[in-house]
Amino acid sequence: MITFDNVRLADVSRHFGRRRAVSHVTLDARSGDIIGLLGPNGAGKSTIIGMLATLVAPTAGSVTYGGQPARALRGDDLRASIGLLAHELYLYPELTARQNLDFFARLYGLQTSAVVPAALDTAGLSDRADDEVGGFSRGMRQRLALERALLHEPRLVLMDEPFTGLDDAATGVVRERIQRLSARGAIIVVATHDLDLADGLVTRVAIIRGGRLVADEPAAGGLRAHYRSMVGN
Amino acid sequence: MRPGFVAVALLVLKKDLAIEFKSREIVYTTLFFAVACVMIFSFAFVMEEGIPVQGAAAGILWIAVAFSGTLALGRTFERERYGETLRALLLAPASRAAVYAGKLFGMILMMAATEVVLTPMVAFFFHAPFFARPMLLVALLALGTVGFASVGTLFAAMLVRTRTRDVLLPILLYPVTIPVIIAGVRGTAALLQSPPEEPVATLWIGLLMAFDVVFITLALWTFEPLMTE
């Protein structure tokens, strides 16, 4: 695992054929930051998350981790420092919750006997550990997917719509989890549409519209009104 | 400590087998498809007197292997598409080539399971003396399967997020694997001669080995860059 205190997107663009998904975005994230990546559907949030996760290569510009470009670092060492909770949950529905966590823990070289029961407990799924994930509600799968993404205590935590399908209590638990990760020094990027949930959670706001960064500033409350002034209804 | 190449490949294989053991979806569908394929050919090529058309067996065996293999490839990666778990594998701090190798081992095992049923069936319906030289037949099937699956696994992984993947997979796969299929058919046909033409079969086995080395090397080399969007 590589330890770094900042991540930087430097004038990054990503085109898919003739479509510009992301255009000339520069964004810095430091240890302890919780960056709210906000924007309408198709704004380019998921592409930015994908580039930060090393899954999507930028067409132009560079992504640096602790000042080092991704290509200068060993790919597997860098990926060991990244945790991604995507909109799709990266879980095998045919396997049980325990088997899913066990598989990913082994893939990351973790002691399964230590991390898997703890992750199941944090997800509130200890009593359903041996049930197939395909039979879980969206909220249960979301909680499990979050723990799967955080099994290896990543330095950079990327979350794409982390509150999808969660009830009020689970939302509170996830918010608390994100704040604990931030206090521990992780760099957190949360892409979300849920401005009410983001308000009071994120420490910085980056608003994307049409693939361009239109705002990057400290969060100061009143997020919905500010977002509407930048993006419209 | 992070797992090495072989450990990652075995982890991916074990996971695929665990899923298949629960659902039995791929084995049943490919087996059903392969058996149906042989049955249909047997109606066409076996005459009323019960005598099959000479020389058809080798081609029919390899057609059934290739078609059922294509079906298995599509289904295997459809599983990774659901929930985008392939991305999770690519994000893991493991060699991406090892992930490819794990998927490849799984495909080879699934195709081998089909071939275990398919080969005696073709031998029976087409009166083909496949087992006159069993080791040579096993070598042809094993090497042909590895060659077909190595290219197929790479292409199926590449196409996993493409909307037209079901159409594109055979369009890309068959032209590239034609040398493997030709070598398999010609080698198997040589074994069916009376007496079996062992030197000819051995020549095709050598060619299959060369194809496998080239295909696997290229696939391991290109998997990582091809899987980065």
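Points to keep in mind about this one:
- Amide proton proximity set for A:GLU161, modelled H, under 5 Å, gap of 5+: A:ALA191, A:THR192
- Loop-located trypsin sites (Lys or Arg not before Pro) across segment A:136-233 with a Cβ neighbour count of 16 or fewer within 10 Å are A:ARG184, with loop assigned by DSSP.
- Estimated [θ] at 222 nm from DSSP helical runs (n ≥ 4, -39500 (n - 2.57)) normalised by residues in chain A, nearest 500: -9500 deg cm²/dmol
- Counted by Cβ distance under 12 Å from A:ALA220, the other residues give a net charge of -1, where Lys and Arg count +1 and Asp and Glu count -1.
- For segment A:50-94 versus segment B:1-17, the gap between their alpha-carbon centres in whole angstrom: 21
- Restriction of the trypsin sites (Lys or Arg not before Pro) in segment B:11-112 to DSSP coil positions whose beta-carbon has at most 15 other beta-carbons within 10 angstrom yields B:ARG24.
- When A:THR47, A:THR26, A:THR112 are arranged by Cβ crowding within 10 Å, least crowded first, meaning fewest neighbours, the order is A:THR26, A:THR112, A:THR47.
- The spacing between segment A:5-35 and segment B:164-180, judged by their C-alpha centroids, is 37 Å.
- Dipole of chain A, positive end: most advanced residue of A:GLY172, A:GLY134, A:LEU73 [Cβ charges, Cα centre]: A:LEU73
- Theoretical FRET efficiency, 1/(1+(r/R0)^6), r = Cβ-Cβ of B:ALA44 and B:THR162, R0 45 Å, to 0.05: 0.85
- Sparsely packed GluC sites (Glu not before Pro) within segment B:16-110, loop by DSSP, other Cβ within 10 Å at most 11: B:GLU48, B:GLU49
- Partners of B:LYS22 within straight-line reach, counting lysines whose Cα lies under 16 Å from its Cα and excluding those fewer than 8 residues away in the same chain: B:LYS14.
- With Cα atoms, 0 to 90° folded angle of helix B:56-81 axis to chain B main axis: 20
- Order of B:MET227, B:MET209 under a 10 Å beta carbon neighbour criterion, fewest first: B:MET209, B:MET227
- In degrees, nearest ten, helix B:165-191 long axis to first principal axis of chain B (Cα): 40
- Local charge for A:GLY32 was computed over the other residues whose Cβ lies under 12 Å away, with Lys and Arg +1 and Asp and Glu -1, and equals +3.
- Förster radius 45 Å - calculated FRET efficiency between B:ALA210 and A:ASP167, Cβ distance, rounded to 0.05: 0.15
- Using θ = phi - 60° and Karplus 6.51 cos²θ - 1.76 cosθ + 1.60, couplings along segment A:76-92 (whole Hz; Gly, Pro as x): 6, 5, 5, 5, 5, 9, 10, x, 10, 9, 8, 5, 7, 8, 6, 10, 8
- Zone residues, segment A:100-133, relative to B:MET1, backbone N less than 19 Å from point 7 Å out along Cα-to-Cβ: A:105-115
- Gap separating the Cα centres of segment A:105-143 and segment B:31-64, nearest whole Å: 49
- With helices as the sole contributors, chain B gives -28500 deg cm²/dmol at 222 nm; each DSSP H run of n ≥ 4 counts as -39500 (n - 2.57), and the sum is divided by every residue.
- Phi-based couplings in Hz for segment A:101-106 (Karplus 6.51, -1.76, 1.60; Gly and Pro marked x): 5, 4, 4, 5, 4, 5
- Among beta bridges identified by DSSP and lying wholly in chain A, the antiparallel ones come to about 55 percent.
- Label separation (A:HIS15 vs A:GLN179): 4.5 nm, computed from points 7 Å beyond Cα along the C-beta direction.
None of the figures in this text is laboratory data; all of them are computed from the coordinates on show. Every value quoted in this text rests on a predicted model; they were computed, and no experiment measured them. All Cβ positions, glycine included, derive from the backbone under ideal geometry; neighbour counts span all protein chains shown.
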